[in-house]
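Q: Starting off with a structure, shown below.
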Amino acid sequence: MSFLSDLIARLMGPDPDPTRVVIVIAVGMVLASILGEILRRIGGGVGRALRRRPGGDAIDAMSGVEFEEFLAELFRRKGFAVEMTPVTGDYGVDLILTNPQTQLRIAVQAKRYAQPVGIEAVQQVFFGASYYGCQRALVVTNADYTPNARNGAAKVSVWLIDGQQLRAEIGRTLGSAKPPVLTRAVGNA
């Protein structure tokens, strides 16, 4: 605490005026907010979720971004190199997985939903896979898929992982000492 007090005293100077006090407080609040966001992204939601036992409560309570981060960590543990796309303007792809052994690139769309995922997710990741130069496309959800989504995915060879398959994969990956390398998604061939 003395470091922080010393820093504030140096910023305020020997004779602080009210304008300087307001500026120092505002800058401090902005820095605290940025630091909090950084800590949340690198360890908060993902770390807590990974330490919990697999189950609906942990996954279903995540935000969309936390779900993406969780999946990124899960795929890293499975041996993939993982690239996260921008939160907006991602062309329907949230993660790009690369198998380091085969160089297979997989476009992933993460859908943390309370309802079944529809055909739109399949269409988006199918386009996004081409945009990002990926050989395969995958949609991962904590829920299930509509019949149209399943039929469409089968027609265009988009892999689907539903909530039940995801929870089983989490159990296998987090329960094994040496996670196997996933070379093909669970679900559709």
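The numbers here are math on the coordinates, done by the rules we state, and not lab data. Note that this is a predicted model, so its numbers are computed, not measured. Virtual Cβ from ideal backbone geometry, glycine too; neighbours counted across all protein chains shown.
Q: How high is the relative contact order of segment 82-125, in percent, counting Cα pairs under 8 Å that sit 6 or more residues apart? Walk me through the intermediate numbers first.
A: Values: 54 pairs, mean separation 14.5, N = 44.
Across segment 82-125, relative contact order equals 33 percent.
Q: Follow-up. How many angstrom lie between the C-alpha centres of segment 155-176 and segment 62-125?
A: 12 Å
Q: Let me ask another. Once label points are set 7 Å from the Cα along Cα→Cβ at both Val87 and Ala154, what is their separation, rounded to one decimal in nm?
A: Simple spin-label model gives 3.8 nm for this pair.
Q: For the peptides 94-100, 135-141, 106-112, what is the packing order when you average, over each peptide's residues, the other Cβ atoms within 10 Å and list the highest mean first?
A: 106-112, 135-141, 94-100
Q: Once phi is turned into ³J(HN,Hα) by the Karplus curve 6.51 cos²θ - 1.76 cosθ + 1.60 with θ = phi - 60°, what whole-Hz value does each residue of segment 133-142 show in order, with x for glycine and proline?
A: Each residue of segment 133-142 in turn: x, 9, 7, 9, 10, 9, 10, 10, 9, 8 Hz.
Q: Under a 5 Å amide H to amide H cut-off, with H placed in plane at 1.01 Å, what residues pair with Ala137 once short-range neighbours are removed?
A: Ala107, Trp159
Q: Go through segment 56-112 and name the chymotrypsin sites (Phe, Trp or Tyr not before Pro) that are in a DSSP coil and have 16 or fewer other Cβ atoms within 10 Å of their Cβ.
A: Answer by residue number: Tyr91.
Q: Read phi for every residue in segment 98-104 and hand back ³J(HN,Hα) as whole Hz from Karplus 6.51 cos²θ - 1.76 cosθ + 1.60, θ = phi - 60°, with x for Gly and Pro.
A: Values, residue by residue: 10, 6, x, 7, 10, 6, 5 Hz.
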